[in-house]
Amino acid sequence: MVLERPLAASARASARVRAAGFRSEHPTGLNPNEVLAILRRRKLSVLACAVLFPVLTAVALHRVRPLYTATGALLYEPSEYAARELQSILRVDPATDAVMASQAEVVRGLRTAERLAGEFRLEEQPEFNPALRPMSRLGRFISPLQTRLGALLGALDPRHGPPSPENAREAVIRAVQEAISVRTVKASRVLEVSFTSEDRTLAARAANRVMELYIADQLDSKFQAIGRANQWLEARVADLQQQVQHSEDRIAAYRAAQGLVQGVQAGLETEQISRLNVELAQARNDLAQAQGRLDAARGRTGATAQAEIAPSVVQLRAQQHRLTAELQSLLTRLGSRHPDVLARRTQLAELQHAINAEVARVVAATDADVRAATLRVSTLESSLHEAQSQVDRNAQAQIPLNAMQRDADASRTLLQAILQRIQQTAQQTAIETPDARVISNALLPIVPSYPRYKLLIAASGALGILLGLLLAYLQEISDDTFRSGDDVRRELGLQCMALVPELDSRTLRGMRTEDYVLRKPLSPFTEQLRALRTGLWLGNTHPKVIAITAARPGEGKTTLALALGRLAAMSGERVMVLDCDIRAPAFAKRMGVDAHLGLSDCMLGHATLDQAIHTDAQTGMAFMPAGQGEANSVGLFMSEHMAVLLQQLRDQYDLVLLDAPPACALTDARVLARVADATVMCVRWRSTPQAVAAHTIDLLDATGAQIAGVALTRVDARVHVRSGYADAEVYHPRLGGYFRE
């Protein structure tokens, strides 16, 4: 028997080591059921955070002064300016995101904020002027220190001195600018202008005024630009007029000096050359005609040409041909000396003489015409050559004149264009419109824009739930206590023999816990004690002497020992319960007896066994208090007296329960566990650290104790039933028909 116990203890220790190694090598992740089980176990933490955060947020928001935001809308639609000279001043840019962002900054510029602060006298309101705000207690305490520090720094560096009125005004303007917000509506040209203030009326008025100032500034800037452009154009007109006058004077002086006279269509020389060319062409034509007539007169051309030039000669020649024909006819009939033939020959001679005289006359006349035409052509060619020479000379003198003329024309054209632009600018001034218009005025806000109660409450609730879940998770992973029988089997390698519920004052109703098994024999508490007794009886050794111990005080071992003893006695067993916790005895008070003699007295020989034993009147359970002595309890338990006493009790009783002290701190429990047939370890549910319990088991194993199992004590049944563990089924309401509270 002595060898079997160390072997069994070593086997249990090895099993725990193997189980721990298996868990470390094969970690298991959380499945949905385990997550839900964790939430059920930690729901109070989650609910507490989910409720506490919104409540604290609501309390904090109640102390915050609400702010109201009024919002109006502007439509930015720039119109193009016609004058080219003003395009660089009043340029129209496409409505890109950069342009809209720039316009938004213009709307909320410092100039607008300054004018708004002046019109509404915002420097007199504490909301925008920090100097007018009431000082808090902390501020009143710190203010003298700040004043002294500011004076000291101001003496060293004037920039760190007390704030000047200009700085205070700048602070007000900055605060007003911060109250103005402008947002561009996406994919549009709409600007939403908002103003935030504690006064809802001020917020609406200020928002509308900001839009009015923006539109007025646009018109004013355009009018100023147009005015500056007009001034520049008028000055330019005066300069150009002087330039044109100067250029015209230079041209006139140069023409006079060079003798350049302008004709109707061109210069006089050019017109003269044109006329001479025409006359020369006509003269040459006349010369050609005269020469043609001369040739015709001289008979060098055909009869038709001659006829046209000397018709009389043609007639004479016709008569000559007729007379010749008649002469030939007469010669054929008459002789050459015939008077008719001779007469005809005389007529022919006279006619030939007349023809020659007429031809000579015509040739002389035509020759005179040719000479006159030739002379005219020569004269015209000479005049033309002279005119062309004069034109060449004038052309050289015309080059500077042309340059001056071009300059004068350019100045005159530019002057005319600027005069037209001045007229356009004057017209544009009359019809000029701003680039933006109000499409929605700011209305009086009803709901505060800050703080956003619903949003913040909802956000705080969501944050509370998240933090609650995080807290539940941290509690779960940091909880190193035993929450179920699975934890006992996994961490200690021992079976969980019972989950003994805790009985609160409402359940006990003035009863003691030891009496509850008597009054409520069908309760879950009593049933778990039966499970413990059954587990001990079903073992292979059927132990009679059972040591009940715990790792720490307050685990419920004494209550368990007395209640288990009473239950076994009620079942007909002969039961003896020994109070072995000599240093902190509890049986006498719990059982209501005046125990002067007990276990220590019996082992020391100061009392007999019968004198030390008391009997429970209600169940017949025998019990022995700890006694009066405070001697060396370890020595007593290790002595032969203890062995003899236990042997006597084995012979007289069916079940002997030893209420041992905490085993982690006192060696008494280890000795009692060694001499007992079996040991039951009491572990308080969700209280005893796993490391402490494992250390206690190791101490008991080192003494060779036969540990039968573990009893989880003081279990909160209502909490455990919602934990999701498998052994929580014993407290499920569906089993209520089997129990009677």
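Identify, from the list Thr526, Thr507, Thr534, the residue that is assigned to a helix (DSSP H, G or I), closer than 26 Å to Thr688 by Cβ, modelled with pLDDT under 90 and among the polar types (S, T, N, Q). Reasoning before the result, please.
Numbers: Thr526 fails: modelled with pLDDT under 90; Thr534 fails: modelled with pLDDT under 90.
Going through Thr526, Thr507, Thr534 in turn, the sole match is Thr507.
State whether one or more residues within the stretch 393-412 are among the aliphatic types (A, V, I, L, M), in contact with a Leu (Cβ under 7 Å, 6 or more places away or on another chain) and at pLDDT 85 or above. No, the stretch 393-412 contains no residue that is among the aliphatic types (A, V, I, L, M), in contact with a Leu (Cβ under 7 Å, 6 or more places away or on another chain) and at pLDDT 85 or above. Can you find a residue in the stretch 412-422 that is touching an Asp or Glu at 6+ places or on another chain (Cβ under 6 Å) and closer than 22 Å to Gln241 by Cβ? For the stretch 412-422, residues touching an Asp or Glu at 6+ places or on another chain (Cβ under 6 Å) and closer than 22 Å to Gln241 by Cβ: present. What do you reckon, is Ile457 surrounded by 17 or more Cβ atoms within 10 Å (Cβ to Cβ) and within 26 Å of Ser197 (Cβ to Cβ)? When the stated conditions are applied, Ile457 passes them.
A quick yes/no check of all residues on (1) of a type in the set (Gly, Ala, Ser); (2) free of Cβ contacts under 8 Å to residues at least 24 places away in the same chain:
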site	(1), (2)
His353	no, yes
Asn356	no, yes
Ala360	yes, yes
Thr374	no, no
Val377	no, no
Glu381	no, no
Glu386	no, yes
Ser389	yes, yes
Arg393	no, yes
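For the stretch 697-719: of the residues being crowded, with 23+ Cβ neighbours inside 10 Å and closer than 25 Å to Ser523 by Cα, which is nearest to the chain's Cα centre (by Cα)? Ranking the candidates gives Val715 first. Across the stretch 674-696, the number of residues qualifying as hydroxyl-bearing (Ser, Thr, Tyr) and either over 53 Å from the mean Cα position of the chain (by Cα) or outside the structural domain of Glu640 (by TED's automatic domain parsing) (or both) comes to 2.
If the requirement is being among the basic types (Lys, Arg) and over 30 Å from Thr69 (Cα atoms), which of these qualifies: Arg421, Arg437? Give the derivation first.
Working: Arg437 fails: over 30 Å from Thr69 (Cα atoms).
Unique residue meeting the criteria: Arg421.
Of the residues that make up the stretch 602-614, is at least one out of contact with any His (no Cβ under 6 Å at 6 or more places or on another chain), surrounded by fewer than 24 Cβ atoms within 10 Å (Cβ to Cβ) and under 22 Å from Asp515 (Cβ atoms)? Within the stretch 602-614, one or more residues are out of contact with any His (no Cβ under 6 Å at 6 or more places or on another chain), surrounded by fewer than 24 Cβ atoms within 10 Å (Cβ to Cβ) and under 22 Å from Asp515 (Cβ atoms). The conditions of being assigned to a loop (DSSP other than H, G, I, E, B) and either closer than 15 Å to Leu658 by Cα or free of Cβ contacts under 8 Å to residues at least 40 places away in the same chain (or both) are met by Ala617.
Only one of (1) part of a helix (DSSP H, G or I); (2) touching a residue at least 60 places away in the same chain (Cβ under 8 Å); (3) touching a helix residue (DSSP H, G or I) at 6+ places or on another chain (Cβ under 8 Å); (4) not acidic (Asp, Glu) fails for Leu699. Which number is that? Every condition holds for Leu699 apart from (2). Here is the figure for the stretch 386-401: residues that are exposed (fewer than 12 other Cβ atoms within 10 Å of the Cβ) and either within 30 Å of Gln282 (Cα to Cα) or polar (S, T, N, Q) (or both) total 3. If only residues of the stretch 185-200 that are touching a Lys or Arg at 6+ places or on another chain (Cβ under 8 Å) and of a type in the set (Asp, Glu) are counted, the one that is farthest from Leu74 (Cα to Cα) is Glu198.
If I ask for residues that are among the charged types (D, E, K, R) and on the phi > 0 side of the Ramachandran plot, which ones from the stretch 572-596 would you list?
First, the residues of the stretch 572-596 that are among the charged types (D, E, K, R): 573-574, 579, 581, 583, 589-590, 594.
Hits for the stretch 572-596: nothing passes.
Kindly indicate whether Ala235 is of a type in the set (A, V, I, L, M), modelled with pLDDT under 95 and at positive phi. Taking the combined requirement at face value, the residue does not satisfy it. Restricting attention to the stretch 537-553, the residues that are touching a strand residue (DSSP E or B) at 6+ places or on another chain (Cβ under 6 Å), in a loop (DSSP other than H, G, I, E, B) and of a type in the set (A, V, I, L, M) add up to 0. Restricting to the stretch 551-589, give me the number of residues that are surrounded by 23 or more Cβ atoms within 10 Å (Cβ to Cβ) and of a type in the set (D, E, K, R). Result for the stretch 551-589: 5. Checking each residue in the stretch 221-231 for being without any contact (Cβ under 8 Å) to a residue 60 or more places away in the chain and surrounded by 12 or more Cβ atoms within 10 Å (Cβ to Cβ) picks out Ser221, Gly227.
Scanning the stretch 702-735 for residues that are in contact with a strand residue (DSSP E or B) (Cβ under 7 Å, 6 or more places away or on another chain), hydrophobic (A, V, I, L, M, F, W, C) and outside any helix (DSSP H, G or I) yields Ala705, Ile707, Ala708, Val710, Ala711, Leu712, Val715.
The values are calculated or read from the model by the stated rules, or taken from the named source; none is laboratory data. Note that the coordinates shown come from a computational prediction; the quantities given were computed from them, not determined experimentally. Glycine gets a Cβ as well: all are built from the backbone with ideal geometry, and neighbour counts include every protein chain shown.
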